[in-house]
Amino acid sequence: MNDRRRAQRVPVDVAVRYRRHSETTEHTARIENISRSGLLLVAQEAVPEGTRLRIAFEGPDGTSHAIVGEVVHTAPTGRVGLTLVHLEEVTLRYVRDVLGVA
C-alpha cells in the first residue's frame, strides 16, 4: 500500500460535531488521528469524496475550535480521510500545543 501522507499522523480521540459545508444539520463523530495536513474522522456514515466538512469541537478549557476539511477518501464504515483546508488560529495552536502535532 502506497502511503501518500505528507505528514506524520498523531493518534487522538476527540469528540466532534460536523456538517457538510452547504448544510445546517450536524452529526457527531470522533477524530482518530490528525496531522498538520489532514485527519481521520470516524463518523456513522460514508461521506462522498470532494465534500467539504466543517468540524467543530471544544477543548478541555471550553474553547471552541473549528476545522474545514475536504474529503479525500471514505469507507462505507464511516472512516473519512480529510485534507485540511482551514483552521482558525486558536485551533492551529491547540492542534500544535495540546495534541502534539508538529
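Taken together, the values in this text are just the output of simple stated rules run on the coordinates, not laboratory data. What you see is a predicted model, and the numbers here were worked out from it, not measured in a lab. Glycine also receives a Cβ, built like all others from the backbone with ideal geometry; neighbour counts cover every protein chain displayed.
A Förster radius of 22 Å combined with the Cβ-Cβ distance from Ala75 to Arg96 puts the calculated FRET efficiency at roughly 0.20. Straightening the chain between Arg52 and Asp13 buys 11.9 nm, computed as 0.36 nm per residue apart minus the Cα-Cα spacing.
Other residues within the sphere of radius under 13 Å centred on the Cβ of Glu32, judged by their own Cβ, net out at +2 (K and R +1, D and E -1). Other residues within the sphere of radius under 13 Å centred on the Cβ of Gly50, judged by their own Cβ, net out at 0 (K and R +1, D and E -1). Distances between every pair of Cα atoms in the chain, grouped in 5 Å steps from 0 to the bin holding the largest one, split as 3, 13, 25, 29, 18, 9, 2, 0 percent.
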